[in-house]
Structures are given as structure tokens and as C-alpha cells.
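Here's the structure, in C-alpha cells; my notes come after.
The values are calculated or read from the model by the stated rules, or taken from the named source; none is laboratory data. Computed from a predicted structure; not experimentally measured. Glycine also receives a Cβ, built like all others from the backbone with ideal geometry; neighbour counts cover every protein chain displayed. Please note that ligands, DNA and RNA were not included when accessible areas were found on the heavy atoms of the full protein model with its side chains. Shrake-Rupley method; radii C 1.70, N 1.55, O 1.52, S 1.80 Å.
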Amino acid sequence: MPALILENVEVIYDKVFLAIKGVSLEVGEGEMVALLGSNGAGKSTTLKSISGLLGPERGLVTRGEIRFGDRSILNMGAPERVAGGLVHVLEGRRIFGHLTPDENLVAAYRGRSIARFNELREQVYAYFPRLKERIKSKAGYLSGGEQQMLAIGRALMTEPKLIMLDEPSLGLSPLLVQEIFGIIGTINAEQGMSVLLVEQNAAATLDIVSRAYLIEQGQVVMSGAAEVLKSNPDVQDFYLGGAEHTDYRNVKHYRRRKRWLA
Amino acid sequence: MAYFLELLISGALTGLMYSLVALGFVLIYKSAGVPNLAQGALVMTAGYAVWLVMAWGLNVWIAIPIAAAIMFGFGLVVERLLLRRMVGQPVIMVVMLTLGLEILLRGMVPGILGSAPKPIDLGIGFAPIIIGDVFINRTSLYGGIVALALVGASLLFFRTRTGTKLRAVSDDHVSSWAVGISVERAIGISWGLAGIAAVVAGALWGSSQGVDWTLSALLFPAVAVVILGGVDSVPGVLVGGILVGVLGTVIPGYLDSFAGGSTRDVVTSLIILLTIMVRPFGIFGREDIERI
Amino acid sequence: MFYRLSGTYHTSYQADRKLWKIPTDRWLVIALLVLALLAPLFVSPLYLGSYVLPWVIWSAAALSLTLLMGLAGQLHFGFAAVMAIGAYASIHLVRAGVPFELALLLSGLISAVIGAIFGGAALRVKGLYLVMATLAMQYLVDWVVVNVPAISGGAHATLRTPAVSFLFLPIESLAARYWLALGWAVLLTVFFMNVKRTSFGRALVAIRDKDFAAAVIGVDPFKTKLMAFFTSSFMGGVTGAILAFCFYRAVTPEQFGFNVSIQLVAMVLVGGLGSVIGSWLGAGFVLLAPIFLTNLVSGLAASGWVPVSQNFLSHLPLMIYGAMIIGFLLLEPLGLAKIYDNIRKYFLVWPFRHARS
Amino acid sequence: EDVKFGLLQDFTAVYTFVTGQYNQGQQDYLALANAEGLLGEGNSVTAIVRDTGNQPQRGIEAYNRAKEEGAILFDFLSTPVSAAILDQAQADKNIVITPAHGRGDASDGTVFPYVFPMLPTYWAQAANLIEHMKNNGGLEGKKIAIVHIDSPFGREPGPILEALSEQEGFEFQAFPYASPGNEQSAAWSEVRRYRPDYVLIWGAGGGQAVSVRTAIQNGIAPEQIHSVIWLAETDAANVGPQMKGVKRFEATAAGTDLPIIQRIQEKVIAAGKGSGDQANVGNSYYNLGVATMAVAVEAARLGMEGGQPLTGETLKAGFEKISGFDAEGLMPAVTYTAEDHQGGGAGRVSEWDGEKWVPVSEWHAAYPELIRQVIEESAAKYKEGN
Amino acid sequence: MSGDSVLVCDNITRRFGGVVALKNVSVAVQRGEIFGLVGPNGSGKTTLVNAITGFYPPQEGRITLDGRQINGLKPFRIASMGVARTFQNVALFHGMSVLDNILMGRHIFMKPNPLASFFYPWWAQKEEVAHRRHVEEVIDLLQLAPARDEHVDVIPLGLQKRVELARALCAEPKLLVLDEPMAGMNQEEKEYMVRFILDAQEALGLTVLIIEHHMDVVTALCDRVLVLNNGQEIAQGPAREAIADPRVVEAYIGKPRHAA
Ligand SMILES: Nc1ncnc2c1ncn2[C@@H]1O[C@H](COP(=O)(O)OP(=O)(O)OP(=O)(O)O)[C@@H](O)[C@H]1O
Ligand SMILES: Nc1ncnc2c1ncn2[C@@H]1O[C@H](COP(=O)(O)OP(=O)(O)OP(=O)(O)O)[C@@H](O)[C@H]1O
Ligand SMILES: [Mg+2]
Ligand SMILES: [Mg+2]
């Protein structure tokens, strides 16, 4: 049974700007799905429409349906959706900079039980031992990677069923990217948590997810199992860098048109 | 010397009375990230509320909790009607919104309840406390004690989980939402708490000068207090209040007869200006973290 | 339709930077200007003197302020104090025998210098802190004006403006006062539009948007901010002088109090930050809407239609004013200029609804 | 004919403490005048009431509009608004009354032909209070503290005290406090150490209650406290029972035991035509408002004598015909002449007895020559252009 | 060090409170080369760039540009001496169009003057037009023409990064500093960006200092790199050699799961 279903979702910003047009996708329970696409394709918009965070940016879902579990969540506020088990790790980390990492975790815990809180916190520190070292300093002064870890850890404190990650590898060192991808995989495997992953790093992403959607100019243009997509020549060309090694110094100045942009 | 001591003490106590007004500002800023320039008007409204409830024939000590409940509700309403829609707007918009609220309240409350000064009798009495040649104003003394208590309570409050969540909200609305904190409720609570602080301030100030629109003029010294103490610092309210009160009493106490005019507002203005020039975030305020 | 972008091409970079690129707009502006010039002929003295004239002057003030707040992003909640400096300086200068034209210029310079000194605070802080700093400045200037009788004019704190003439036109009749004010406001308007398309204007906007990014491309934040304060205070100072000579003709400290500063900020915001047309619309709206609404309600009350107490009635303008500020911020934070722009765009793309996709 | 008076006052800013009741008295009196047909057959008087919020700008708009509607007499009850309109009104030949708020030198009718301060100026008030001290305890070698709000209004009595201290041999010192006066502890600590024999408080609104309170808290006896005209029943309610013994200047009698107030009760209030809260009737500021309109209506009546239409000019003439008018005991008898627009400057001192204001001196003008001299000097300066 | 260094940093140390963000870092960038700056997050790369561009002047050490000392100068002075940069988090002027943003890059060559602005006299117009020519060339080079009149905040991030590059190029810098120009880009966009950087370097004869986390890009683009860790140098030299250093692999790259 799919945990999350988007049907034909359309989002308009500022009453005039049509950002995504008719996006449909599904994430199954315990499944790990990726959403790929170039800059400005509408990936973040899709995630925000799911987590209910379009409001502050003057965006609005004008058409379509979003269901999580057996409920339509379109009319819920963001906190309600979190309570329902959906959590969104925002692009650009956005931790609470003036709070310590520990307080960041406190702020995100929704329940009442102290024991459960401690349990969750220990789990987060087990995934991200580095965070424990920086427990006293303000989160705003953590390095980029540590902030990303904190953002994911903070999201885990809400005890989600589905976690959405918006470009978690953005600006991270190769080592950290590996680490984070590894942990995402672990969380998915250990806790059976569904994952919807937005990424630019297609190569690494397609390695850990089971399925992926390709979104371009606000529309889903391709979808399928990770293995299938990986072998698609277009995907190879535009997302994976063709062959194993790209010779940047000799890439073509003018490329052929993307086939799906008829 | 006794003169100096008296000025010092009465300044400190007056300053604590300012702290009562300033506390509301800090409560809102620290938990919602909103600079509330309507705090003066909130104090005025609260003063009117206390008076109104007393006019129904109730005892002050019953009237104050009732007024507190009214003002807490009012805070929630303000959030629901106004601030909910301001999330993510630049600071100038929010500042202006609260100023608009201040103007609205200053028109509406006296417009409906009458503009002549209304009495509030807390039964404190006039007799000063006299130590040697030093006279201490009773109202200010009680006000100061209440201020200390409220500041202490606020400090404890921000240590609690709800307090941490409120601080998170002031940091970043959108990510608070993203982790399931109801920003609306947080802002509502912070305004409600500020409303309660306003009741205490309104009752005490109202008892000494009567309740009318001029209570909203307390905003100016309160602004000096929060700037000096740090806009988001609860202990800053205390220290800032005492400093503003002392400087604003001692300096005029010696200068006014020479200057031929009251220098208190000058002192207050200079406190604001100098703080901003020398230490923009006040004594205890947090710095903005800006990463390039 | 006639209101079209199509068919309008620009073949040189100069043309591309024209102030009004669409011919219809150009005609509209010329027509408005002619109407404004001829206003004394067909507007009754009541309306000219108590609505149009102050509107024109406050528009000039709003333009001065929006240069600072809208373009340079430096919040200023003490602009009435800047205008006060200009007003008092001009009167004292004229009394000291300086010709009016020169006095206007000098009073502007005096305001500019003092305004820039206070703007010094802006070099350290922005946002809320700047609001507070300028607010403190307002109180300081107020205090000095009230407490130095040599400035405020003795025991009554009232200074009448001497009779003057501007370029041989005696500034006495209502029409003459109106024309002088109009001239200044139009001049400021043209200035403002020019500024927006030059490097100075861009530097101001750059400072506003990302000061560190501005610095990294060679904009001196110190100098630019100071220049912004200087220019804007100059404009505000002269406007203050015009306000004194053309409208009040007797200045008192209350004319430049804190609430006036707030009113100016309200004009700028209601109009739309940094917008020329917004300054005009905002000034008009903030100035006139409460008056008209109150007159309406008191008319109704007088005829017994709405049973309200005198006390309530007289607090109504304040309520309307506050509610108006709140309403604009909630419903259209970009102000009247945005509403105007939407209407204009609507006609530009008519019969289509959206400009993109 | 319908005579129109523009009561364009400050209901929302600094004058709120007085305007409500004052304006209510004015409107009620005009209703009485209409009910009794004081202006004669077929004539009536209408008030145009507007709030100016103490803002000159709105005052100008309200003035122009009311002028357009035909008003010929204006009461702004706001120093800055009056100041902003004075010249214009003079040019328009419209009457401006400035009871207890306008510039004192406007009493000189030769320089300000269309302005009527109508009641004792602040200068006359200060002189009256000083004279009361002289008669009740003497002045020679005494010390007077004047505790005032820091504004031009607060500094107004300065020159009079200066002149009188030489003449009467007392010493005085000014203690300003910051506006609006909700906190005055510094000033009063200083006053206490000055050990004054008399205290003069010169403020308005909530600041007055704070003054009285803080004074008493600093051990100053209520009997020592003397106030400018702005101290009324509301302040007494704010201060509480301790205010008993505090004195103030008054230009009109307070209370309802006055024929004119009785008739208002009867013909206006009872008829349901009152313009505000009934409880205010008879209050100091209410009666002050009644007095101003009583004089104005009397002037209008006299101005219309002989059947000519009422204009600013004829109304001015009407004022200058008023002689020995006391509104049936509401106020001291006033007489206006072309030179004296203050009407003599008589007033008295009254004391709060815990319930009401009780007069403790007779209606009279104190140091009239001195006051006149100050008025003329200042008026001459105005004429020069200041 | 070699004689033709554009930029020389000599023993730079920078602390923030207790944190030592840079410790005795020395580097020399040769004229015409593309120099890479890599290292784990929080290793001080941005701090080094901020030190060079004057935002956080080093507490110890010396920085020279073409032999002239620049540490201690204000950022705008350093900019006018020929250092242009882009930011890790895009820092465009969001209230302006793409064109105006790029025009801002010419600021150091203009003389902003309120009076001239007010009257917009012919010489001001001429100045504008002259600079506009230059800007249009850069727009062509970076293929930004279609977006020229857009507002910068509505264009996608990739384009924004390109606009930022254009703005920096317009200043005709001696040294161009790029802080993670390819963060958040997919393969195709990265390829474009590399192309633009190479084209610009070729056309304008630039010297480039670049921070980047994509190792494939670094090896393809950079002549030499400096690897930082905890504010200290752990390797320096030709790109492939430096990042093959075991210490670098351990601290920064990790065991390759994907060949980069
Ligand atoms: N608040 C907004 N107002 C108007 N337009 C917006 C807003 N946010 C995004 N857009 C536009 O909507 C489109 C989709 O944006 P979105 O952020 O979803 O893209 P994305 O795929 O996440 O891109 P990126 O890789 O840059 O994160 C873009 O063209 C963007 O310019
Ligand atoms: N303004 C500042 N105040 C305090 N500490 C700072 C400041 N700027 C940077 N730091 C600290 O200096 C160290 C180096 O940070 P820097 O931003 O230079 O890292 P970086 O190498 O650019 O990392 P990334 O790859 O994540 O961008 C970090 O520990 C950071 O917390
Ligand atoms: Mg995105
Ligand atoms: Mg960095």
C-alpha cells in the first residue's frame, strides 16, 4: 500500500507563476524514492506542497490531490501533517541557529514522554556521533555538514513515517555525502521509514533508491525503477555524466535537445 | 549623598517599573521574533481592562486575574487576525503592523471606554518608606518586586520545553513548521503572555497616574530598556530597566535645574543611540549569525 | 487595444532605458502634468488649500523618505525631525536676510548634514535597530527644538514665516504657494526616476539587498549609506521648508512630532516601498482617507443615521488610520503601487490573464 | 439664521483629559440656547464638531471645511492648532476663541482683533495663585517651587514669577519633568530638598495626578499645592482621598448648583438631548465649556442686535459689547473691549474638600497692571513678526 | 615562490572567538592558472576567501595582490583593486533585474554621484551606454540573453549562479574567486558551468581561485589545489596528486563508492 500519493498536483506562486503542473507520484511504505531534475524544475515545490509549507512563499496548490496513508492532507496545516508522520528536511538546512544542537532536538520532539525523548535523542546521536561533540555551541556556528546532520536528526525527533529530504548533499564534502547517504539508507533499512529524496547527485542517489521520478519544468517526464533509469541514455547524458569519467575540458558546447522537451 | 542615594533607589525602582512594560516586548521578540511596538498600547489596553472589570464592582485582586485572562485572549486574537499573515515578511512590515495596531488601540480603547483618566486603586497608599533621609515610593517598590518575580518566572519559562519551542519559532518560522511546531500557537502564546505582563504593568502604572492613552507613551522608555538589555534577553530586561531608570533619574536630578528643561528623554534617547553605536545587540542580546 | 507593448521597440540602449517606454504612459504623464499645473483654475480654494496642496507636499516628503527606505533600505522613523530641521533653518535664514531661494538650498544642506550625522548609526546596524536609532534621533531633535527658545521662537514656540518671493513670484496667494510646492514635488519625482536608472541608484539598491555582495563589487557601504542619508535628508529638509512656507506659514514643534514620522512611514509603505507612483498614491491615501471617512461618518452621525458618541466619533480617524495601515500590510504588502501595477499589467496583457505559462 | 460655531478640538491626543467634558458642556449649552431661543426668533446655533488630534495639519483642513460650511467662530482647544490658524483666521476675519489654551498676548485686541482668550490667560492664572499665597501666609522670604511639564505651556508662568518675585520678595525655582509626566520622581526628590513653602504644579492630564501623588509622598502637604486650571474631579478620583486640601485656579464655578446648569439639566439633559455622559454635568471642565459658549452666544446675540447678519466682524463687535456678563454666577463678570479680549482676567482659587471644589477666594483679577504690561510687550513683539 | 604570483597569502591565521578557522595557511596563485581550494566542511575554505576579500581580515599573516598588501583594506577597496568573487550562498541583489545585477559589476568603473543621477545629463547617459556594451558581451558569453530582463529572484538557482559569475566577470578582475559555483547542480548544469568558466578564463585571461566539492570538476578544471583540514594545509600541489594524498582521502574524500 502506498504511503504517499500525489495526483495531478498543480502549484501556483504569487497567483501568477505556475511552478508545477500536474505532478503525480507515489511513495510506498518503507520505500525509498528519488525525485531528480534540473534547477528550477519544481522539486522543492513538490516537497513543499506535500509538507504544507507553500504558504509563507505565497504558493498555493490549485489543483490535484495529496494523500498520505488513507487521508487527504491537502487541507491540513503543516504541524498537523508532521503529527501525521510526514517530515520535511528543508533545502539549505535551516536549523535553529541560536539554539544549541540539543535544544534543536528538544524543539522538534512532539510527544510528552521524557523516556521516549531520551531514546530518540540517543538514536540521533548514534547516527550522528559528530553532533554529540558540538552539543554546547550554537548550531549556527556548526559546519555545513554538521548542520545537515542536525537537520536530519531534528526531523527524526518527530518520529516520522515518511521523511522527505531536499538536497541533503548540497555543499557537502564527498566524504560527508557518502556518510549521509549511508545513514539515510540505514534509517530506511532499520526503521522501515519511507524516504522521498530530492537530489542533484543522481549517480549516488540512483544507487540507493529503488525508484525515481524525473521532473522537468514542472512536469514528471520519466519514472521507473532505479536500475532502468540508470541505463537510459538520456539520463546518462544529462544526469550521470555519460560514461564513468566526464572530460569536462572537452564537453560539447552545444548539446542535443532533451528529447522529452518536445 | 542621601539625595544621590534616593535618586539611585527611586531610579532603580522606576526602571523596574519600565521593565514590566519591556518584559512584554522581550517575551514576544524572544518567542515569535516580532518586535512589538504596540506593547505600550497593550499596557494601556490592559489598564483599561483592569479599570473596566473594577467598574463592574469587583475587587482589584479579582479584577487583575480577570483582566489577565482577557488580555491573554486578546493576545491570541491579535495573532489569529494579524500576525498569522505576516509570517516571513520583512521586519519593516512587522514593525509597521504593530505600530498600526498601536494606533488602532489608541483610537479604539479610549474611543469606546472614554478618554478622561480612570482611577485604579490598588490600596497601596501614599506613605513613603523612609530610611534615614531617603524616601522610597511604595508603588514603585511593589512594582519593582513584582517585576523581579515576573522576570524570574520568564527565565524559568524559557527553560521549559514550550519555552525552547518558542525560541525555535523566533529563529525560523518555516523550519519550525517543518518540524511540526505550530508557529501560530507559539506566537499566540507569546502575545498572550505579553498581554499578562501588560496587565501587571497597566495596573501599577495606572494606579499611579490614572488610566488613559498616555500609558502607551511608556513604549519609549521600554524601548530604551530592551535596546540596552538586548531585545531577546530576559535578564536584560532587568539590568536594562535598572540602568535606564537610574540614568534617567540621577542625571536629570542633577542636570535639570541647570538645563532649564527635563533632560530625561534626552538621556533615554542617548542611551538608545549610544547602545546601538557601541554594542548594537545590547548587554545580553544575541548577535545575528550571518554567514557569508 | 491602444495600451500595448507590441509595436514598441527600442533600437538603442538609451531608448531601452527611457522613463516611460510605452507611448500611452507618456501621454498620460503629460496630461496629468498639465492638469496639475492648471489646478488653481478649476479646483476650489478649499480643496486646493486643504487637500491638494498638502498632498503635493507630503508626496515630496514621501519621495524623499522612500529614497532612503525603499531604494537604500535604510529604515528611518525620525524623518519628521529631518523636515523640522529644514523648516526651522529656512525660517531663521530668511529672517536673517538670506534670499528665499538660497535659504531653501541652505536649509536643505543643513538638514542633509545633520541627517547624515545621525545616519552614522546606520553604518553599524540595520533593520529594527535602525528603527530604534532614528526614533531616538526624533526625540533628540524634538527636545532641542522645544528646549531652545532661540530655535522654536520664544515662549509660544510659534514662528511665523516671513513674506518671501521665489524667483520674483511672491509666495503669498494660494496658487503661488501651490505652484512652488508642485514644482518641487515634480522635480523630486523626476530626480527619483532618474536615480533609479543610474549607478548611484543601483548602488543604493545593492546596499539594501545584500550589503556584503555590494562591497565585493566595489561599492563603499559607508559612503553610499551616508550619501543616501545625505541626499534624502536634503530632499526632506527642503520639503520641510516648503511645508513651512507654502502650507503652515507658522511652525510649531508639534508639526514635526513623532506621529508625523510614523505618518510618513505609513505613506511610504501604503504606497509601496521605493515606488514613485506609490509615494504619490500613499501620501494621498494616508492623508486624505481618514479625513474623508471621518467627514462621512460625522455627516451620517449628524443626520442621526449612526448613533455614536462624540467621543467615539472623534477617535474614529485614529482607528481608521490604524486599521488602514494594518489592512494594507495584510492584504497588499507591496502597497498601492502594486495595485496600480496589477491594473496596468492587466490592461497590458488583456485579453490574457497571466503573463507567463 | 443659523449661526455656526466650529468646535474643532483635540479629542484623541494630549488634550483628551479635558476635551470630552469641555466639549460636552459646550454642546449642551448650545442646545440650551436653542431650546430657550436665546438668539431670538428663527435663529439657532449649530456646532460643527471635529477631532484634530492636536495636529495642525488636520486643524487647517477642519478649519477650511468648517469655514466653507459657514462657521464664524472657532474653538480649537489646542495650542499648536490655534497657533497654526491664528493668522489665517485673522485674515479671514473669523473669531477664534482660545479659552485657557491660546497665547496670552492675544488678549491685546488691537494686535489680535479676532482672537478672544476670553478667560484668564496662564499669566493671569499664575498671578492669581501667587496673590492667593500672599493673602494666605505671605510671600516675603518664602520659597515657591514650580513643578512643570517640560513644554512651552509648562514654561509659560516663568516670566510672571520672575517679575513677581522681585516685587514681592520671594524666591522660586522651576523643576521640569518630562512629558507626559507619568514619572516624576526625580523632580520631586529635588523639590523636597528645596523645602518650598508653596508648590505650584503646572501640567495637564495624567501628569497632574502623578504630581499631586508624588508631592504628597515626598512629604509635601496638600495645602501647599497650588495648581494651574487643569486639575479636576477626574484627577481627584485618580489621586484618592489624600488630595483633600489641594488648591487650584478656577475661571468658572464647578458643580450643578448654578442656575444655568440647572436649566441645562432640565431642558437639555432631561429632554434626552444631552451630548454625553450625564455624570459629567457640573464637572469643572464641563462648566468651563458651558461658560465659553454662554459668552459666545451672548456675543452672537449682541452682534445680531439691530438685525444685521452675523459675520466675523459683527460677532467681534458683539463680543466687545459684552459688559459685566457672568452667566448667572457661573463665572466672574467679564467685560470685553476692543483692547482687552481677556475680559478682565478675573478668577479665583478653590480647594478640594474630598468631594468637590470649594472656593477659597473671591473672583478678582490679580496684578492686572503687571499682566497687561506683559501682554502688551509680547503683543508688540508679535506685531514685529515673531 | 614563483615570480608571477597574482595572489600571495603568507601565514594567514584567523580566529573566531575560540575557534581557529585558519592556522598558518600560505598559498600563492600564479597568473593565469585555475587554483582549487578543497577540504572538508568547516575546514576554513570560505574563511580564507573572506580573508582575501577583506570580510574577515586575518589576525596574523600577510596577503598581497600583485605585490601590494591588501589585508587590512576594506572589501570594496580590495574589489576595486581587481578581486571579484561569487558566494557560496547566492548573493544577488534580488530587487533588481538580471541586467541591473550584471551592470552592478561595472560599479568600480563608474562614478556614482547623486547630482548626476538626479539630472541624468548626457555624460551620465553616455557612461551608462558604454558600460552596457561591455555587459552585453558578458551576457553573450554566458548565454544569459534570454533571462536579461527577468527579476533575479524568479530565475532558477543555476541561472542565478551564472548571473553571479557574470557580475563578477564584468569587473574585469585580476583574480576571480568562486565559492562553490557548482553546488546544487546536476551533471548537465555542471558541464555548462565548467564550460563557462573555461571560456571566460580563455577570453579574459583570468586567474581563478575556486572552491569546489565535486572532485571530478576539481580534477578537470584546476591546475593546482590546496587542501585544508581544520584550518590547516594538509596537501598542496597539482590537482590529481594532491587529492590522492592518503590524508586527503581519509579526511575529505573517503573510500570511493563511485568513481568521480
Ligand atoms: N516563492 C516563489 N515565488 C515565485 N516563484 C517561485 C518561488 N519559489 C520557486 N519558484 C519558481 O518555481 C520553480 C520551481 O522552483 P523549485 O524551487 O521547486 O525548483 P527546484 O527543482 O527545487 O530547483 P533547485 O534545484 O534550484 O532547488 C522555479 O522556476 C522557481 O523560480
Ligand atoms: N562569522 C563566524 N563566526 C564564528 N565562527 C565562524 C564564522 N565564520 C566561520 N566560522 C567558523 O570557522 C570555521 C570555518 O568555516 P568556513 O565557513 O570557512 O568553512 P568552509 O571550509 O567554507 O566549509 P563549507 O565547505 O561547509 O562551506 C567553521 O568552524 C565555522 O564554524
Ligand atoms: Mg529546490
Ligand atoms: Mg564554505
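With a probe of 1.4 Å, find how much accessible area segment B:2-278 has per residue, and write the answer as a whole number in Å². Intermediate results must be reported in sequence, preceding the final value.
Numbers: 8160 Å² over 277 residues.
In whole numbers, segment B:2-278 has 29 Å² accessible per residue.
So what is the accessible area of segment D:245-386 per residue, in Å², with the probe set to 1.4 Å?
Result: 40 Å² of accessible area for each residue.
Hey, can you grab everything whose amide H is under 5 Å from the amide H of D:PHE172? Only 5+ residues off in sequence or another chain; H modelled, so Pro and N-termini drop out.
D:ILE144
Please tell me the relative contact order of segment D:315-375 in percent, rounded to the nearest whole number, where contacts are Cα pairs under 8 Å and at least six residues apart.
Averaging sequence separation for qualifying contacts and normalising by length gives 21 percent for segment D:315-375.
If one takes the accessible area of chain D alone plus chain B alone and subtracts that of the pair, with a 1.4 Å probe, what total in Å², rounded to the nearest 100, results?
Buried area (both sides, nearest 100 Å²): 3100 Å².
Could you work out the helix-only [θ] at 222 nm for the protein assembly as shown, with each DSSP H run of four or more residues adding -39,500 (n - 2.57) and the total divided by the number of residues, to the nearest 500 deg cm²/dmol?
The helix contribution divided over the protein assembly as shown gives -16500 deg cm²/dmol.
Over what distance in Å are the Cα centres of segment D:42-58 and segment D:302-380 separated?
Each part reduced to its Cα centre gives a spacing of 22 Å.
Using a probe radius of 1.4 Å on protein heavy atoms only, what is the accessible area buried between chains C and E, both sides summed, to the nearest 100 Å²?
3300 Å²
How long are the semi-axes of the equivalent ellipsoid of chain D, defined as square roots of 5 times the Cα gyration tensor eigenvalues? Whole Å, largest first.
Gyration-tensor ellipsoid for chain D: 33, 23, 19 Å.
Enter the mean number of other protein chain beta carbons within 10 Å of the beta carbon of each residue in B:219-226, as an integer.
Rounded to a whole number, the mean comes out at 2.
Would you tell me the mean number of C-beta atoms belonging to other protein chains that fall within 10 Å of each C-beta in E:91-104, as a whole number?
5
Given a Förster distance of 22 angstrom, what is the FRET efficiency for D:ALA237 paired with D:ALA270, based on the Cβ-Cβ distance and rounded to 0.05?
0.30
Tell me, in nm to one decimal, what length is gained between B:ILE131 and B:ALA259 on full extension, where the rule is 0.36 nm per residue of separation less the Cα-Cα distance? Could you put the intermediate results ahead of the total?
Numbers: separation 128, 0.36 × 128 = 46.08 nm, distance 3.00 nm.
Fully extending the segment from B:ILE131 to B:ALA259 adds 43.1 nm.
Which parts of segment C:132-179, residue by residue, lose 40 Å² or more of accessible area when the rest of the protein chains are there, as against the chain isolated (1.4 Å probe)?
In segment C:132-179, residues shielded by partner chains: C:MET132, C:ALA136, C:TYR139, C:LEU140, C:TRP143, C:VAL146, C:ASN147, C:ALA155, C:HIS156, C:THR158, C:ARG160.
How many Å² of accessible surface get buried when C and B come together, counting both sides, probe radius 1.4 Å, rounded to the nearest 100?
Chain pair C/B: roughly 3900 Å² of buried accessible area.
If packing is taken as the average number of other Cβ atoms within 10 Å across a peptide's residues, how do B:142-154, B:19-31, A:62-74, B:183-195 rank, most packed first?
B:19-31, B:183-195, B:142-154, A:62-74
Which of D:GLN57, D:GLN184, D:GLN224 moves the most in a Gaussian network model of chain D with Cα springs under 10 Å?
D:GLN57
Roughly how many nanometres apart are two label points built 7 Å out from the Cα toward the Cβ at B:MET277 and C:LYS338?
Each label point is offset 7 Å from its Cα along the Cβ direction, giving 3.7 nm.
Only four residue types carry charge here, +1 at the Cβ of Lys and Arg and -1 at the Cβ of Asp and Glu. Report the dipole size of the protein assembly as shown about the Cα centre in Debye, rounded to the nearest 20.
Numbers: 126 positive and 135 negative charges, 845 e Å.
About 4060 debye.
With a 1.4 Å probe and all protein chains left in place, how much of the accessible area of chain C comes from carbon and sulfur atoms, in whole percent?
Using a 1.4 Å probe with all protein chains present, chain C comes out at 73 percent carbon and sulfur.
Measuring with a 1.4 Å probe in the full set of protein chains, what accessible area per residue, in whole Å², belongs to segment C:22-255?
31 Å²
Of the accessible area of segment D:178-316, with the probe set at 1.4 angstrom, what percent is carbon plus sulfur?
About 49 percent, which is the carbon plus sulfur part of the accessible surface.
If amide hydrogens are placed 1.01 Å from N in the peptide plane, which non-local residues have theirs closer than 5 Å to the one on E:GLN30?
Close amide H contacts, sequence-distant or interchain: E:VAL6.
Of the residues D:PRO80, D:PRO159, D:PRO332, which exhibits the maximal mean-square fluctuation in a Gaussian network model of chain D defined by a 10 Å Cα contact cut-off?
In this elastic network of chain D, the residue with the biggest mean-square fluctuation among D:PRO80, D:PRO159, D:PRO332 is D:PRO159.
Put a dot 7 Å past each Cα toward the Cβ at B:ASP121 and B:TRP61; how far apart are the dots in nm?
So the label points at B:TRP61 and B:ASP121 sit 1.6 nm apart.
For segment A:155-187, list whatever residues lose no less than 30 Å² of accessible surface once every protein chain is in place, relative to that chain by itself, with the probe at 1.4 Å.
Checking the loss per residue gives A:LEU170, A:GLY171, A:SER173, A:PRO174, A:LEU175, A:GLN178.
Please compute the length gained on full extension between C:PHE212 and C:PHE347, using 0.36 nm multiplied by the number of residues separating them and subtracting their Cα-Cα distance.
44.7 nm
Would you mind telling me the share, in percent, of accessible area of segment B:2-278 contributed by carbon and sulfur at probe 1.4 angstrom?
Roughly 73 percent of what the probe reaches on segment B:2-278 is carbon or sulfur.
Set the Förster radius R0 to 45 Å, insert the Cβ-Cβ distance between C:SER173 and E:GLN59 as r into 1/(1 + (r/R0)^6), and round the FRET efficiency to 0.05.
Calculated value: 0.10.
Anything over 24 Å Cα to Cα? Flag those among D:LYS4/D:LYS267; C:LYS223/E:LYS161; A:LYS15/C:LYS345; A:LYS15/C:LYS338; C:LYS126/E:LYS45, in the order listed.
Listed pairs above 24 Å: C:LYS223/E:LYS161; C:LYS126/E:LYS45.
Could you give the distance between the Cα centres of segment B:5-40 and segment B:240-255, to the whole Å?
Centre-to-centre distance over Cα atoms comes out at 15 Å.
Remind me, relative contact order of chain B in percent, using alpha carbon pairs under 8 angstrom and six or more residues apart?
36 percent
Give the distance, in whole Å, between the Cα centre of segment C:41-79 and the Cα centre of segment C:310-350.
17 Å
Output the direction-averaged projected area (hull surface divided by four) of the convex hull of the alpha-carbon atoms of segment B:2-278, in nm². Mind dumping the intermediate values first?
Details: hull surface 61.1 nm².
Averaged projected area of segment B:2-278's Cα convex hull equals 15.3 nm².
With springs only between Cα atoms under 10 Å apart, run a GNM on chain E and tell me which of E:GLY61, E:GLY82, E:GLY18 wobbles the most.
E:GLY18
Tell me, what is the percent relative contact order of chain D, built from C-alpha pairs under 8 Å that lie six or more residues apart?
20 percent
Would you check the accessible area of B:THR45, probe 1.4 Å, heavy atoms only, in square angstrom rounded to 10?
20 Å²
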